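Data first, discussion second: the structure below is written as structure tokens.
The values are calculated or read from the model by the stated rules, or taken from the named source; none is laboratory data. Being a predicted model, the structure only gives us computed values, none of them experimental. Backbone-built Cβ (ideal geometry, glycine too); neighbour counts: all protein chains shown. These area figures cover heavy atoms from the full protein model, side chains too; ligands, DNA and RNA do not enter into them. Shrake-Rupley method; radii C 1.70, N 1.55, O 1.52, S 1.80 Å.
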Amino acid sequence: MRIIESFDDKEALSIAAADAIIDAAGRAIAADGRFLFVLAGGSTPEATYKLLAAPDRRDRIDWSRTYIFFGDERLVPYDDPRSNYGMAKQSLLKDIPVAPDHIFPMTTDLPGVEAAQAYSDTLTQFFGPETTPWFHLTLLGLGDDGHTASLFPGKAALHETKAYAVSTPPGVLPPPVDRITLTFPILNSSREVLFLIAGEGKAAPVQAILEGGATLETHPAAGVTAPEGKVTWMLDRPATTKLWEQD
Ligand code: 6PG
């Protein structure tokens with residue numbers, strides 16, 4: 001199931017996203033006793049993370065029952081401004097009472113192939129060897145080129161069916177650093193996916209995917225369908241400008 005929600009601006013989108021995360025956490029903990037949560041990188045989620053960490057919201061999630069994973073990572077040290085973990089730490093993780101052993105960053109001090117294998121191993125250890133990793137909620141973004149997580153157009157990672165995480169060279173957009181990314185089978189195992197999409201640069205890929213029948217090969221975000229769950233596209237107004245095109 002795909003749901004499309006649009007907001008006046010990025011601030012309204014970020015508030016709605018923070019509240020949607022709180023709701024998802026509550027449902028997960030009520031149903032399963034824990035909340036398995038995947039964070040997105042890039043710049044858009046930062047405002048949402050800050051809202052979640054602010055005093056008026058942070059007590060609305062039971063962080064002691066929350067487990068935090070990452071959808072992708074850039075192969076740079078955590079204190080590099082390009083690090084997804086670094087961004088999440090500064091905007092969210094440092095301000096919430098989540099135990100360090102509930103946070104699962106992707107390793108970045110190994111070569112890509114080994115770092116990806118290390119994350120696959122981390123997931124196997126967490127879920128057990130018999131269970132394909134799955135999450136209650138996965139946050140994702142959309143690149144101007146249609147990528148999501150670090151699944152870039154035309155790259156081999158799009159076709160991975162077995163590994164939970166793979167390494168990949170960067171796409172055409174900055175930063176030009178190698179990445180590690182969860183693969184489609186794992187992203188699609190999520191009960192719920194929330195795309196946070198803001199800015200005019202997203203209007204063309206949004207239109208191509210939601211209306212133009214774009215393919216996974218040209219616009220990898222089109223491949224996130226979460227067959228067992230729901231995918232919500234949260235868009236700010238600039239990202240919707242090519243949708244429902246006026247005559
Ligand atoms: C990354 C990502 C990536 C991101 C999109 C959107 O590490 O870069 O996780 O998939 O979500 O590129 O990024 P913005 O939010 O910065 O537009």
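Would you check if A208 is part of a loop (DSSP other than H, G, I, E, B) and either of a type in the set (S, T, N, Q) or away from the ligand (no atom under 14 Å from the Cβ) (or both)? First the steps, then the outcome.
Working: part of a loop (DSSP other than H, G, I, E, B): no; either of a type in the set (S, T, N, Q) or away from the ligand (no atom under 14 Å from the Cβ) (or both): yes.
For A208, the condition - part of a loop (DSSP other than H, G, I, E, B) and either of a type in the set (S, T, N, Q) or away from the ligand (no atom under 14 Å from the Cβ) (or both) - is not met.
Residue count for segment 152-179 satisfying the condition of being over 21 Å from D109 (Cα atoms) and among the hydrophobic types (A, V, I, L, M, F, W, C): 5.
Residue-by-condition table, conditions (1) more than 30 Å from E130 (Cα to Cα); (2) basic (K, R):
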site	(1), (2)
K155	no, yes
E160	no, no
N188	no, no
E192	no, no
K202	yes, yes
E211	yes, no
W233	yes, no
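Considering only segment 34-48, how many residues are more than 11 Å from the ligand (Cβ to nearest atom) and open to solvent by 30 Å² or more (accessible area, probe 1.4 Å)? The total comes to 1. Taking segment 177-201 as the range and being open to solvent by less than 30 Å² (accessible area, probe 1.4 Å), at negative phi and within 13 Å of the ligand (Cβ to nearest atom) as the test, the residues that pass are V177, R179, I180, T181, L182, L187, V193, L194, F195, L196, I197, A198. If the condition is being open to solvent by less than 30 Å² (accessible area, probe 1.4 Å), under 25 Å from L52 (Cα atoms) and in a helix (DSSP H, G or I), then segment 87-122 contributes M87, A88, S91, L93, H102.
Close contacts from segment 67-86, counting a first residue that is free of Cβ contacts under 8 Å to residues at least 24 places away in the same chain and outside any loop (DSSP other than H, G, I, E, B) and a second that is acidic (D, E) and open to solvent by less than 50 Å² (accessible area, probe 1.4 Å), with Cβ to Cβ under 7 Å and a gap of 6+ residues or different chains, come to Y85/E73; G86/D80.
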